[in-house]
Amino acid sequence: MSFAVPRPRQGGAPPARRRSPLGAAIVAVAVVVVALLLMAQFWTEILWFEQLGFSQVIWTEWITRGLLFVAGFLVMGGAVFASFAVAYRSRPMYVPSAEQATLEQYREAIEPLRKVVTFAAPVLVGFFAGIAASAQWQTVLMALNSEMFGETDPQFGLDLSFYVFLLPALRSIVGFLMAVVIISGIAGVVTHYLYGGLRIGPSQGNIPRTTNAARIHIAVLGTVLMLLFAANYWFDRYSILNSAGNRFDGASYADVNSVIPAKGILAVVALLVAVLFLATVFRGNWQLPAIGVGLMVVSAIVIGGIYPSIVQRFQVTPNAQELEQPYIQRNIDATLTAFDIEDVETQNYNATTEAEEGALRADANTTASIRLLDPEIVSPSFRQLQQNKQYYNFSDSLSVDRYEIDGESRDTVIAVRELNQDGLGADQRNWVNDHTVYTHGYGVVAAYGNQLGPGGQPAFFEGGIPSEGAITELEGDYEPRIYFSPSTANYSVVGKPDDGSEPWELDYPADDADGGDQVKTTFEGDGGPSIGSFGSKLLYALKFGEEQLLLSDRVTEESQILYDRDPQQRVAKVAPWLTLDNRVYPAVVDGRVKWIVDAYTTTNQYPYSAFTQMQEATTDTLTLQQEGAPVNLPAEVNYIRNSVKATVDAYDGSVDLYAWEPEDPVLKTWENVFPGSVQPLEDISGELMSHMRYPEDLFKVQRSLLTEYHVTDASDFFSGNDFWNNPEDPTSDATVSPLQPPYYLTLQMPGQEESAFSLTSTFIPGGNTPRQVLTGFLAADADAGSTEGEKDEDYGTLRLLELPRDTTVPGPGQVQNIFNSDPVAGEQLRILEQGRSTVLLGNQLTLPVGGGLVYVQPVYIQSAAGTSIPLLHKVMVAFGDEVGYADTLTEALDQVFGGDSGAEAGDADGSTEGEAPEAPVDGEEPVVPEDPTGTEEPAEEPTEEPGEEPAVPTGDLEEALQRAADAIQAAERAQQDGDWTAYGEAQDDLQQAIEDAIAAEQAAAE
């Protein structure tokens, strides 16, 4: 038996290369790393949502996005690939020609890449198409889960849900399919041309320019495209009802009588052209579709463009008021309904400008509640008097709320003592301190809105560490620890094993605490995902780029990780379908500190309603101080409802959404999408209800619209001669003054039975008129009551006072000029500025009392440099042309109203001792202002001429300024020492010095 040795094959394929184990290992490691990085982003999000109980939100969004991406990818990618494949496989055996000889060079050049392009191009365009499709997840879900509005549009008689929910989805589908057909058509045409199925050169006898396969392919694509054009034109008819116009939004006379019929005709023309393309599949002649396309282009120009322009210019423009009137009325009615301003209680208010003695007697309740504490100014006072430690802080903009104290509802200014790790020294900043020790803020601080403490400081009724005061007594030791707040950006690792070890989270400093000067605690809530397992540690270490999460002994089996701690951020994540208000405010409710967030359902698809730029409407002094809106606002809306009130627990971060407008069709649609995510109104406790208030952004949008839409007659609206403006903030020193913000006040409107917590704003004439008189006053009833699960029947009522057109009541800007030019007030404020104190003008409040309008503005002073405390120095009051300037609001009102206003303000009894202990910042003292004149010795003593009354009893201007500076120093020293008798004497000396300085300046001028 023999074995033949096989001869080696000549020219055979080379043996396959062995794969390198190292290469395979690198690939495997890379795959694992990528998978871990993806899990660190996606799985941790799932854990976050599951911990909050909103996992269905993230899963619904991701699944919908995923399905839409796959659908978009397959439709676009499949169509492009099919177009490439059909064109290539049906390529002809062409007859050589000069054109084909040139193309042959290109074919040879791209042939090695043909397969790559055939697969890569569809994948690439499919990927981008999938991304675009997935972005429409909210549109698709609303269309599939839509609720009826129960109202029809005035043109077609369709339920409004068609326009708000279904039409946007249909337009998106048609637009996407048009893109698919056009891109796949381009791919097919290029391939047919490259491989000879389509010729564009000179005609060669009877040889057709397209092969049968190319003709059928292109004709089918043309047919589909024309059908989509027809659908697009047909849907345009409905979209016109939501179009933006120059004078008003919605379909105008020309739109209804020319554009809408034109769109219908163009849809029919497109269908006819589609039939002509379809005929080409069988007849093999391109003349008919070419004529059809030309006819459609001409029709679009003539019927869709020229004809409506002729109607507008020659029929509408000469008779615009008569012809547009019914369509303007449609716009007015739709706008009033869409923005919930159709039931505004309007009354004519013939305001007087003559201040009479006792005029405020009937408005005693409103007068007693006038707020003197400006929440935008007193934050530094809260910091200096209640911050306690540098690692705490208060927001620059405090909140106005109301609490029942001693059986009486009181307007208050409230703030949360938030964690501020930036206040720690550099030697204190390390991973352990940042993430496991300094984990939370502590307590709330509240002061009366209409009363002041000694020396013009806030009168605190809740504060100190540990917290003490009226709220603590009312709530019975509420949970003061603040783990979740707007300024808490860092993540924290909380919780420790139950092994008897000492807590390590710093709770608050207390010199008399057992075992030292710090009280420590351990978080005991359910506030974040568990991070006890190795897998969770690994994922979060990758997510935050912190290896300490894997290595630190502080991360135990009982640990939780708290992140995304901003209340607005948490609400935005669990309810991505809501638009959030710019403001979030705290309230102590049922023994917990809750952050309350107002949320809106909005759309820009409401037929005939006016479009409003939300960013523009909601921007005012307050939002600019916050460096722009902190939340994402839709570009424009023409429908809005405050459908949801959200709360975030400051201790454990739990989020609750409550259906505030349960009948809102948009809310009901989203409840169909996310069943159970929104709790019913009945679940709101009575105590929480008492802190619900009318939202600021909604009010700003409504007041912006009411500048025009207080005019409800179409004819008057067309003329526009009674349009208003929202006034600019007179206290702003910006180059372009922002709008004056609305203010929360407790007041009794004319005709109202009793005072109510309200949100207020004013109006001035519109247009380019220099007249800045007051034309209107708007108040929204902001008090939701205190009944469990039931809003007060008056909540949300808008009351509008319209002043006569010939009114002479000054507006906010004019009043500020009156204040500034007043010989007493203006001069004293200027002297204070010269004394190197900073004068801060508080919010200018407007109140309809005494038969007219009273303006109240607190005046604060603080040191011009260094650490400072704004202290209320004076109060300015205006009524008509009368001005009051005094130490208290009561005195200023009496000055204006003939010596006796007939009512007393909250400061009638002078300053009040705070009911809460102070907690000043350790190691930080207010800076005493420098000598305003730059000299240390006073000028020489003045002399008096015999027989003359001395105009300046103590000397010249320089000496008086020196005494003013000395008085300010003495006042601040007395305040630091708590010697309020000495403080009062220093204030008297300051007042005398200012008066002497004014007299000296006048004498020098003479």
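The values are calculated or read from the model by the stated rules, or taken from the named source; none is laboratory data. Since this is a predicted model, take the numbers as computed values, not measurements. Cβ placement follows ideal geometry from the backbone for every residue including glycine, while neighbour counts extend to all protein chains displayed.
Descriptive notes on the structure:
- Residue in region 234-241 that is touching a residue at least 40 places away in the same chain (Cβ under 8 Å), of a type in the set (Ser, Thr, Tyr) and surrounded by fewer than 20 Cβ atoms within 10 Å (Cβ to Cβ) present: yes
- Restricting attention to region 320-351, the residues that are polar (S, T, N, Q), over 15 Å from residue 711 (Cβ atoms) and part of a strand (DSSP E or B) add up to 1.
- Inspection of region 805-826 identifies at least one residue that is part of a strand (DSSP E or B) and crowded, with 17+ Cβ neighbours inside 10 Å.
- Of the candidates 701, 736, the single residue that is without any contact (Cβ under 8 Å) to a residue 60 or more places away in the chain and at negative phi is 736.
- Search result, residues across region 765-779 that are over 30 Å from residue 691 (Cα atoms) and either of a type outside the set (Val, Ile, Thr) or surrounded by fewer than 23 Cβ atoms within 10 Å (Cβ to Cβ) (or both): 765, 766, 767, 768, 769, 770, 771, 772, 773, 774
- In this structure, residue 679 does satisfy being among the polar types (S, T, N, Q) and at pLDDT 95 or above.
- Looking only at region 247-293, and only at residues there that are in a helix (DSSP H, G or I) and of a type in the set (D, E, K, R), the one that is nearest to residue 213 (Cα to Cα): 283
- Residue among 238, 193 that alone is at pLDDT below 85 and in a helix (DSSP H, G or I): 193
- Residues being among the small types (Gly, Ala, Ser), over 30 Å from the mean Cα position of the chain (by Cα) and either surrounded by 21 or more Cβ atoms within 10 Å (Cβ to Cβ) or not in a helix (DSSP H, G or I) (or both) - total across region 467-485: 3
- Residue count for region 138-159, restricted to those that are assigned to a loop (DSSP other than H, G, I, E, B) and either of a type in the set (A, V, I, L, M) or not assigned by TED's automatic domain parsing to the domain that holds residue 250 (or both): 2
- Hey, residue 254 touching a Pro at 6+ places or on another chain (Cβ under 6 Å), in the same structural domain as residue 310 (by TED's automatic domain parsing), on the phi < 0 side of the Ramachandran plot and modelled with pLDDT of 90 or more or not: yes
- Scope region 544-559; condition in contact (Cβ under 8 Å) with a residue 60 or more places away in the chain and surrounded by fewer than 20 Cβ atoms within 10 Å (Cβ to Cβ); matching residues: 546, 548, 552, 554, 556, 557, 558
- Residue check for residue 603: surrounded by 24 or more Cβ atoms within 10 Å (Cβ to Cβ) and within 29 Å of residue 165 (Cβ to Cβ): no
- Test for residue 455: is it at positive phi and more than 34 Å from the chain's Cα centre (by Cα): yes
- Meets criteria (β-branched (Val, Ile, Thr), outside the structural domain of residue 241 (by TED's automatic domain parsing), touching a Phe, Trp or Tyr at 6+ places or on another chain (Cβ under 6 Å) and closer than 27 Å to residue 713 by Cβ) for residue 346: no
The rows are residues; the columns are (1) farther than 30 Å from residue 582 by Cα; (2) at pLDDT 90 or above; (3) of a type in the set (D, E, K, R).
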{"position": "479", "(1), (2), (3)": "no, yes, yes"}
{"position": "490", "(1), (2), (3)": "no, yes, no"}
{"position": "511", "(1), (2), (3)": "yes, no, yes"}
{"position": "515", "(1), (2), (3)": "yes, no, no"}
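- Among the residues of region 419-435, those that are surrounded by fewer than 22 Cβ atoms within 10 Å (Cβ to Cβ) and touching a strand residue (DSSP E or B) at 6+ places or on another chain (Cβ under 7 Å) comprise 420, 423.
- Residue-level check: of (1) at pLDDT below 90; (2) buried (at least 24 other Cβ atoms within 10 Å of the Cβ), residue 405 misses just (2).
- Matching residues in region 362-389 - criterion: being in a loop (DSSP other than H, G, I, E, B) and buried (at least 18 other Cβ atoms within 10 Å of the Cβ): 369, 370, 371, 372, 373, 374, 375, 377, 378, 387, 388, 389
- Residue within region 352-361 that is surrounded by fewer than 22 Cβ atoms within 10 Å (Cβ to Cβ) and assigned to a helix (DSSP H, G or I) present: yes
- Residue match in region 446-458 (condition: of a type in the set (Ser, Thr, Tyr), within 20 Å of residue 567 (Cα to Cα) and surrounded by 19 or more Cβ atoms within 10 Å (Cβ to Cβ)): no
- Of the residues making up region 407-426, those that are without any contact (Cβ under 8 Å) to a residue 40 or more places away in the chain and outside any strand (DSSP E or B) are 407, 422, 423, 424, 425, 426.
- Some residue of region 698-719 being charged (D, E, K, R), surrounded by 19 or more Cβ atoms within 10 Å (Cβ to Cβ) and not in a helix (DSSP H, G or I): no
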